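To start, the structure under review is shown below, and the notes come after it.
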Amino acid sequence: MCQRIASTLLAIALLLAVALPLKAQQYEKVGDYQVHYSAVSTQHIPQAVAETHGIQRSPALALLNVSVLEELDDGETRPINAGVEGTVGMLQAGERTPLAFRTLRSGDSPSQVAVFRIRDDAPMHFELEVRYDRNREPAAVNFIQRFHIER
């Protein structure tokens, strides 16, 4: 009995050790694809980058970046074009704001980006549909993130 409990605790510890780094990377695996996403205050984007890509820097704005990688048979990944639609809203409120995505390229890596307004210290809920393969239904990606307005 003690050995079974010890085995169970070890399995839970290993699952946590694997799950925590994956959560930090902020991506979801859908079949042979990885949907990566991140949202940051536009204040953290260097001025030159913001100017090059026409991104307004403001303490009240954030940028959502979504990119998709296809996992190849040899273990490598390659970036692919993917369409993204979605909304963002406050966690408690039912009101949702559509996100207006556009494509940005860094070399041969395309990303879909959208700028949106944030509220200080309020959890925001993102609901995305990512079309990674035109022959399949879009992948649903949902996450919650809290932002702090730097004054």
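Among (1) closer than 27 Å to Tyr33 by Cβ; (2) assigned to a loop (DSSP other than H, G, I, E, B); (3) open to solvent by less than 40 Å² (accessible area, probe 1.4 Å), which single condition is Ser58 missing?
(1)
List the number of the failed condition for Phe116; all other conditions in (1) open to solvent by 40 Å² or more (accessible area, probe 1.4 Å); (2) modelled with pLDDT of 95 or more hold.
Every condition holds for Phe116 apart from (1).
How many of the residues making up the stretch 74-105 are of a type in the set (S, T, N, Q) and under 23 Å from Arg134 (Cβ atoms)? It would help to see each step written out before you state the result.
Within the stretch 74-105, the subset of a type in the set (S, T, N, Q) is 77, 81, 87, 92, 97, 103.
Pick out the ones that are also under 23 Å from Arg134 (Cβ atoms) and you get 77, 81, 87, 103.
Of the residues in that region, 4 qualify.
In the stretch 73-113, which residues are in a loop (DSSP other than H, G, I, E, B) and either touching a strand residue (DSSP E or B) at 6+ places or on another chain (Cβ under 6 Å) or modelled with pLDDT under 90 (or both)? Explain how you work it out, then say what you get.
Pass one, the stretch 73-113, residues in a loop (DSSP other than H, G, I, E, B): 73-76, 81-82, 91-95, 99-101, 107-108.
Selection gives Asn81, Ala82, Leu91, Gln92, Ala93, Gly94, Glu95, Leu99, Ala100, Phe101, Gly107, Asp108.
Which one of these is without any contact (Cβ under 8 Å) to a residue 24 or more places away in the chain and either hydrophobic (A, V, I, L, M, F, W, C) or touching a Leu at 6+ places or on another chain (Cβ under 6 Å) (or both): Ala122, Ala114, Ala62, Ala93?
Going through Ala122, Ala114, Ala62, Ala93 in turn, just one is without any contact (Cβ under 8 Å) to a residue 24 or more places away in the chain and either hydrophobic (A, V, I, L, M, F, W, C) or touching a Leu at 6+ places or on another chain (Cβ under 6 Å) (or both): Ala93.
Quick check on my filter: what residues within the stretch 29-49 are open to solvent by less than 60 Å² (accessible area, probe 1.4 Å) and out of contact with any Leu (no Cβ under 9 Å at 6 or more places or on another chain)?
Step one: filter the stretch 29-49 for residues open to solvent by less than 60 Å² (accessible area, probe 1.4 Å), giving 30-31, 33-39, 41-42, 45.
Val30, Gly31, listed by residue number.
The values are calculated or read from the model by the stated rules, or taken from the named source; none is laboratory data. Small disclaimer: the values here were computed from a predicted structure and weren't measured. Glycine also receives a Cβ, built like all others from the backbone with ideal geometry; neighbour counts cover every protein chain displayed. What goes into the accessible areas is simple: the full protein's heavy atoms, side chains included, and nothing from ligands, DNA or RNA. Shrake-Rupley method; radii C 1.70, N 1.55, O 1.52, S 1.80 Å.
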